[in-house]
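Data block below; observations after.
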Amino acid sequence: EMRRREKAEEQRKAEGRKKNGKTPAPPKTEPEGKAQRNFTDPESRILKTKDGYIQGYNAQAAVDAQAQIIVAQSLTHSMSDQDQLVPLIDGIKDNLGRKPKEASADAGYCSEANLAALAEREVGAYLATGRAKHPAEGRPKITGPLVQAMRDKLKRAGRRTRYRLRKQVVEPVFGQIKQARGFRQFLLRGIEKVKAEWALICTA
């Protein structure tokens, strides 16, 4: 029996045939159509994350670098983080009575419009610009004179180190929310209720 199997394998290789069985399907880059409707919360949306797609909302928070507390928050349907930066900056002024001196954020928040808005508000910007020559797949290359000026700014001595400190500001706060408080998903349904839930989480 073993000998017959060996001969069959040798013959298969000689003829260039593939083994029986289905060819594995390539990984999916988009959610299935049926995944775009959530019957428990129809107001939520399909959002793309670094780990794939999730059904939910885009929750944002601005954290004070020194006090390590959340000073502004928002929650929307939008998949884009770019649209959330300026409302957060304005929210800080509304909550504290003064605008922030500086703001740092990752490449998802960087755009010509956002850099112009921060300059108009006289807020020092430290926004990651992404890779100019090799942008991430599916993400358009971030270009423009203000973006290029930001790239040059981050290359200067001390500026990039200052920008990198953003992880030490934001991540401990979100770690506290997820790990210490055990908050992993919203309990309520409907965007207005979820907004209230997120606001409560951020003030607790």
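The values are calculated or read from the model by the stated rules, or taken from the named source; none is laboratory data. These numbers were taken from a predicted model, which means no experiment stands behind them. Positions of Cβ are generated from backbone atoms using ideal geometry, with glycine treated the same way; all protein chains shown enter the neighbour counts.
Points to keep in mind about this one:
- Subset of segment 31-64 that is surrounded by 11 or more Cβ atoms within 10 Å (Cβ to Cβ) and in a loop (DSSP other than H, G, I, E, B) - its residue that is modelled with the lowest pLDDT: Pro31
- Filter result (among the acidic types (Asp, Glu) and either in a loop (DSSP other than H, G, I, E, B) or touching a residue at least 40 places away in the same chain (Cβ under 8 Å) (or both)) within segment 65-101: Asp81
- Thr23 being at pLDDT below 65 and assigned to a loop (DSSP other than H, G, I, E, B): yes
- Evaluation of Met79 against (1) touching a Lys or Arg at 6+ places or on another chain (Cβ under 8 Å); (2) more than 23 Å from Ala196 (Cβ to Cβ) (one fails), failing number: (2)
- Top-ranked residue in segment 65-86 [being of a type in the set (Gly, Ala, Ser) and out of contact with any Ser or Thr (no Cβ under 9 Å at 6 or more places or on another chain); ranked as surrounded by the most Cβ atoms within 10 Å (Cβ to Cβ)]: Ala72
- Candidate set from segment 101-133 (those that are at pLDDT 90 or above and of a type in the set (Lys, Arg)); member that is surrounded by the most Cβ atoms within 10 Å (Cβ to Cβ): Arg121
- Cβ separations smaller than 6 Å between residues 6+ apart or across chains give the following pairs from segment 108-128 residues that are farther than 14 Å from Ile142 by Cα to residues that are in a helix (DSSP H, G or I) and at pLDDT below 95: Tyr126/Tyr163.
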